[in-house]
Every structure is written in C-alpha cells, then in structure tokens.
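Down below is the structure, laid out as structure tokens.
Every number in this text was worked out from the coordinates using simple rules, so none of it is lab data. Bear in mind that the values here come from a model prediction, so they are computed numbers and not experimental data. Cβ sites come from the backbone with ideal geometry, for glycine too, and all protein chains shown count toward neighbours.
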Amino acid sequence: MALEAARPRRPFPVGRRGWFLLALLVAGAAAWSFLDLRVAGLLPRAGGAAIAAEFFGAALQPALDYEDAAPPGAPPFGAVVLEAVGRTVAFAAAAMSLSLLAGLLLGVLASDSWWRRRGAAGRVLQWGVRLLAAGMRSVHELLWAVLFLAAFGLSPATAVLAIALPYAGTLAKVFSEMLDEAPRGAAEALRSLGATPAQRFLFGLVPRALPDMMAYAFYRFECAVRSSAVLGFFGFETLGYFLKQSFENLHYREVWSYLYALLALVVVLEAWSGRLRRRFVA
Amino acid sequence: MTADRAPVPPAGEEVRARVGALHRCRPRSRFLRISLLALAALTAWSWTSGAVDVGDLLQERRAGNLHRFLTEEAVPLPIREHGFTWERLAQWAGGVVADRGARGLAATLWISVLAIVLAGVVGAALAPFGARNLMRADPFLPRGREAGLATRAARGGWRALSAATRTACILLRAIPEYVWAFLLLAMLGPGAWPAVLALAIHNAGILGRLGSDTVENLGPGAPRALRMLGARRAQLLAYAVLPMTLPRLLLYFFYRYETCVREATVVGMLGVVSLGWFIQDARARLRYDELLLFVALGGALVFAADVASNVARRWVRDAA
C-alpha cells in the first residue's frame, strides 16, 4: 500500500507527446475541412477511371520500342531512355559539385566552431551567411528553375544552377551543424599542444565530422537526381521531359519505361549510399 | 615542477617515423576509394560530356535576357509605369497578396498539413512491418535461438513480409512528388486530392523506411525482456517498440514536414490551387513581377515552417 501511494499518478497515461499526436490529428481534420475534400474525390472521375485502368494495365508491359511508328531518323527507343538517364545524372552531378563547393565554404562560415573566439565582426558575418543559406534553400529548386527560365531562357546550365543553389543552402546548414556537433576531444588535444585555431579546426574537427558530411552529401546527390528528373517537366531534356511527353501522347507503356528507369536509378543510388553510410557512419 | 614535466618529445626523425606508422595503419577501405573515384569521374564527365553547356549561358543574348528581366519584367507594373515610391510598392504588393497570395498561402499550408498527417499515419503503420528484428518467427531473441524454435517456412514467411514492406516503401518514395501529382491529376481530376495524395504517398514511403530503420536500431534489452515474459508481438509493439521509437519518429515527422511545405508550393504548378498555381498563372501572363512576389511568399512560408518545425522538434525532444 505504501508503495502504491508513493507512486505519482497521472489521470491519463498521456504525456506531452500523446497530446501532440492528438493535436496533429485535429490539424489534419482542419485541413480536410478547409480544403473541402470529399472521400468521393478519391475515386477517379469518369474519364480518369479509363486512364487509370489503362495506365496501371501498362505497368507490366513497359515499352521496349516506340509505341507508334518512330519518325524517320529517330534514335532507337532504348537509346532515348539511356540518354535521358545520362542527362539526368549529369545535371545532378554537375549541380552537386557546385553546391558541394559552395556548401562547404558557407557551412564553415556558418558554424560556431569556426567563429569561436573571433570577435563581433565574425558573428555578423556568420549570421549573414546563415541568412543567405536560409534564403537559398527556402526557394524550391523548381521555383529557382522558373525564375532562371524567366531571366535567361531555356539552357541546361540554368537547370544546374537551379539545383545547385538550394542544395548549397541545405548543405551549408547541415554541414555547419555537423561541424558544431562533432566530438571536440581531438581539437582540444591540439589546442593544448599549441595549435592555431585554423589548425585545430582543420585537423581536429573536420576529420571527425567528415564521414557524416560525406554520407549526407551522397544522400543529397540522390535527391539531386530526383530533382533533375523532375526539372524535365519544365523543358530540360531529362527523364521528366520524356515522361511528360509520353503521358500526354497517351503512350502509357513508354511512361512506364521511363518510370522504371527512374526507379532503377534511385534504387541503385540508394543501395550505394546506404552501403557507404553503414560503413563509415554507424 | 620539473620532475613531473611531460617527457621531452622525441627528435624530428623519430616523430616522422611514428606519424608514418600511424598513417600506415589508418582505416582504409577499397569500397570508399572506388566510390570516391567513381564520383569524381562522374562529375568530370558531367561537365565535359556536353550535356551542361556553360558557354550557352555566357552568350550576349542571355545577358540581354537577364538585363530585360531585371530592369523591366521583374519590376512591379505600377512602378514601371509611374516610377518608384515605397507607397506604390506597398500598395501593389498588398493588393496582390490580398487578392491571391493569401489564398495561395493558406491552401499550401493546409495541403502540406493534411499530406504529412496522412503520410505519418501510413508510415507509422508500415514501419513495424519493415523491421527485420520484429518481423521474425521469434522477435528480438538472439539469432541463435530462432533457428531452434521456428520452422523453415515460418522464418521464410516473416522475412518475405519485411522484404515486401521495404520494397513497397521504395516504390512509394522512388517516384518524386511532382511526378505522382502529375499522374494523379490526370486520373482524379482537378482539386486538392492529387496534391495531397502525391505528397502523402512519397513521404509515407520515406517515413515508413526511416521508421523501420529506427525499430531495427533499437537496443534489444527491453523488448527481449518482455518477450522472455511471454509477450506477444502486438504487446511488444505497444509496450516496448512504440514508446521507445516515438521520439525519433516525431523528429523524422517534422523533418519531412519541412520538405512537404516546399513541395506543396511546387505541385500547385500542375494546376492545384496552391501558391504554385498562382506562380504558373503569373508566368503564363508574363507578369514576372507577380511571379517574383509569389516565389518570395513561398520562400517566406518555407522559412516559417522551418523555424516552427525546429521549435516543435526541440519541444518534443525535451518532452517527458
């Protein structure tokens, strides 16, 4: 009995997290009513049902060749798919190389570790960089693409820029956090040996954060490939471009070929990055 | 003091030898080296293959486009016609925001909220089925014990279940939100559902996978103890797995919410009334001044969601 009395009792076995889950469900219900959604809207409309049936029916037989007769002189269908995959990867790799450079620079400048004991001017610069990075990543890559399309016109380099800019902002934020959260033991040891702040940062801190940073950068490369595929919807000749074109021409079997190509690309990259992460982070 | 001074460091030659010895026994991995080489080659190829033509961007024509964009098209119409005053700018911006921007912002916000809640529910439901330590003939027991207790078929069946769940998650998340929205729009017709579903599907795949990984990374102590007491799988889930993984799952939930807000803006460009729809509309009418304003509004919303999610994450992390 004494034990029973000593134990603090709560009227409901719900903690803060429980209330939080409840609040989320309420928010979901509010969104449902604001958007004026009906369950019936989930069923395909009249024409949509036919499209859905035909589209999913085509899933098991992706096109291996053009569905209609190819225009004379057109490259074989397989080559088109492969070239689209290649261009998708090329845009992503080029964009990642840019954003990795910019992200590293901005990430170091945004981190607390770099500015430790460096005075007020440094703090101002640090927050300036943080604000810049936040601005870069707050605008979606597709919106950057729309802006660049308006400013420059259609050019592959604008697609690369559109991906590189927000990705650099994201990398800067994550890199700076990783640098600040890296174990400080090695840096402290170097300090007691009389190393300069730059040496401590470069040889004490960076090596500890590097595996995480590399794993994250690779994960972002995966994301960049997806983004690059979607940029095709805006006229850049990546997977999305051909996917949209085939869908609008009602060539659903071709659509599935492009979807499977994208799927294969993502799965391969994910397996690769998963293996890298398991080796070097966990 | 002199007695307990650190030993005198060895002379230069010896230091070099020791550092060399340390260097030789550093951890090395052929997989990492090959991966880095492959990535470097990929990057070099991407810049030199001709797919990315940087020179094209440096042409005179492009500079002309940019100049026209900055000095004419992107300048708000009333200012272009009557000259700049702050008042005119504020009036124009206020008018556009009141007329369409506010509606777009609200719709974007609600689409993202409903999508992430749906994704969270589905993802949480998928998570335990993809966890290979729970989906076993004898969950959470050490590997050796399992062999003696279960038939081969039972073991294969459980393994197939987790493999199927993980494959389903890959299929859901490998297709980008924008592509899902594009496909769903053709089937369901205009409305908010295609946008909501597209975001929910993609994020359910991601949350399901992250959830499964979280369950797999649980320390086996508590669940194993419960199991030894004879708890069933559902009881393990309710009394060990869920309480232990919930904080982590909520963190992932908020992390995905941030991306949901970004994407909710963008899928509107396909024809769903969110900010993206107004962006696309301004683009079609060549009103780049309004386009710029809507993009800025979307950026502000994403920024606000980022901050809110950060606060909420900290709040949940520190919860009792």
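How about the range A:78-184: which trypsin sites (Lys or Arg not before Pro) there are in a DSSP loop, with at most 15 other Cβ atoms within 10 Å of their Cβ?
For trypsin sites (Lys or Arg not before Pro) across the range A:78-184 that sit outside H, G, I, E and B with at most 15 neighbouring Cβ atoms in 10 Å, the list reads A:Arg116, A:Arg117, A:Arg118, A:Arg184.
Starting from the 7 Å offset along Cα-to-Cβ, what nm value, one decimal, do you get for the label separation of B:Ala90 and A:Ala121?
3.6
Roughly how crowded by other chains is peptide A:16-25, in terms of the mean Cβ count from those chains within 10 Å of each of its Cβ atoms?
Per residue, the number of nearby Cβ atoms from other chains is 4 on average.
Measure off 7 Å from each Cα along the Cα-to-Cβ vector at A:Gln61 and A:Arg184, then give the distance between these two points in nanometres to one decimal.
6.6
Arranged by the count of other C-beta atoms within 10 angstrom, fewest first, what order do B:His202, A:His251 take?
Ranked by crowding around the Cβ, least crowded first: A:His251, B:His202.
Work out the charge dipole of the range B:52-135 with +1 on the Cβ of Lys and Arg and -1 on the Cβ of Asp and Glu about the Cα centre, then indicate which of B:Gly64, B:Val121, B:Thr85 is farthest towards its positive end.
Looking along the dipole axis, the top candidate is B:Val121.
With Cβ to Cβ distances under 12 Å as the rule, what net charge do the other residues near A:Phe91 carry (K, R +1; D, E -1)? Let's see the in-between values first.
On the way: positive: A:Arg87, A:Arg226; negative: A:Glu141, A:Glu237, B:Asp53.
After counting each charged neighbour, the total is -1.
Quick one: net charge around B:Ile206, please, counting Lys, Arg +1 and Asp, Glu -1 for every other residue with C-beta under 15 Å from its C-beta.
+2
What average number of partner chain Cβ atoms lie no more than 10 Å from the Cβ of the residues making up A:211-224? Numbers along the way, then the final one.
Details: counts 1, 0, 0, 4, 0, 0, 1, 2, 0, 0, 3, 0, 2, 0.
Across A:211-224, the average partner-chain Cβ count within 10 Å equals 1.
Which FRET efficiency value, to the nearest 0.05, do you get for B:Ala308 and A:Asp68 by plugging their Cβ-Cβ distance into 1/(1 + (r/R0)^6) with R0 = 51 Å? Intermediate values should be presented prior to the final figure.
Numbers: r = 50 Å, r/R0 = 0.98.
With R0 = 51 Å, the Cβ-Cβ based efficiency is 0.50.
If you rank B:Met244, B:Met228, B:Met269 by fewest surrounding Cβ atoms within 10 Å, what's the result?
Working: B:Met244 16, B:Met228 10, B:Met269 24.
Arranged by neighbour count, lowest to highest, B:Met244, B:Met228, B:Met269 become B:Met228, B:Met244, B:Met269.
Counting only helical runs of four or more DSSP H residues, what would the 222 nm mean residue ellipticity of chain B come to if each run contributes -39,500 (n - 2.57) and the total is spread over all its residues?
-24000 deg cm²/dmol, from helical runs alone.
Could you tell me whether the protein assembly as shown comes out rounded, prolate or oblate from its Cα gyration tensor? Rule is a ≥ b ≥ c as square roots of the eigenvalues, rounded for a/c under 1.5, then prolate if a/b exceeds b/c, otherwise oblate.
It is rounded, given that a/c, with a ≥ b ≥ c, falls under 1.5.
Return the FRET efficiency for the residue pair B:Arg68, B:Ala296: r is the Cβ-Cβ distance, R0 is 22 Å, and the value is rounded to the nearest 0.05.
0.60
Only loop residues by DSSP count here, and only those with at most 16 other Cβ atoms within 10 Å; note down the GluC sites (Glu not before Pro) in the range A:174-282 that meet that.
Here no loop site has a sparse enough neighbourhood.
Cα axis of helix B:193-216 to longest principal axis of chain B: angle in degrees, 0 to 90, nearest 10?
Taking the Cα atoms of chain B, the angle to B:193-216 is about 20 degrees.
Quick one: angle between helix A:77-110 and the longest Cα principal axis of chain A, in degrees between 0 and 90, rounded to 10, please.
The angle comes out near 20 degrees.
Give me the percent relative contact order of chain A, please, defined on Cα pairs under 8 angstrom at least 6 residues apart.
Relative contact order of chain A: 23 percent.
Only counting other Cβ atoms within 10 Å, I'd like B:Thr165, B:Thr151 sorted with the fewest neighbours first.
The order, fewest Cβ neighbours first, is B:Thr151, B:Thr165.
First measure r as the distance between the Cβ atoms of B:Ala284 and B:Leu58, then evaluate 1/(1 + (r/R0)^6) with R0 = 35 Å and state the FRET efficiency to the nearest 0.05.
Working: r = 29 Å, r/R0 = 0.82.
Computed FRET efficiency for B:Ala284 and B:Leu58 comes out at 0.75.
Return the distance in nm (one decimal) between the two label points of a simple spin-label model at A:Leu210 and B:Ala102, each offset 7 Å from Cα along Cα→Cβ.
Computed distance between label sites A:Leu210 and B:Ala102 equals 5.5 nm.
Express in whole angstrom the spacing between the alpha-carbon centres of the range B:266-320 and the range A:199-257.
If we compute the Cα centre of each part, the gap is 21 Å.
Within 10 Å of each Cβ in B:168-180, how many Cβ atoms from other chains are there, averaged over the peptide?
5
List the chymotrypsin sites (Phe, Trp or Tyr not before Pro) within the range B:152-204 that fall in a DSSP loop (any state other than H, G, I, E or B) and whose Cβ has at most 10 other Cβ atoms within 10 Å.
For chymotrypsin sites (Phe, Trp or Tyr not before Pro) across the range B:152-204 that sit outside H, G, I, E and B with at most 10 neighbouring Cβ atoms in 10 Å, the list is empty.
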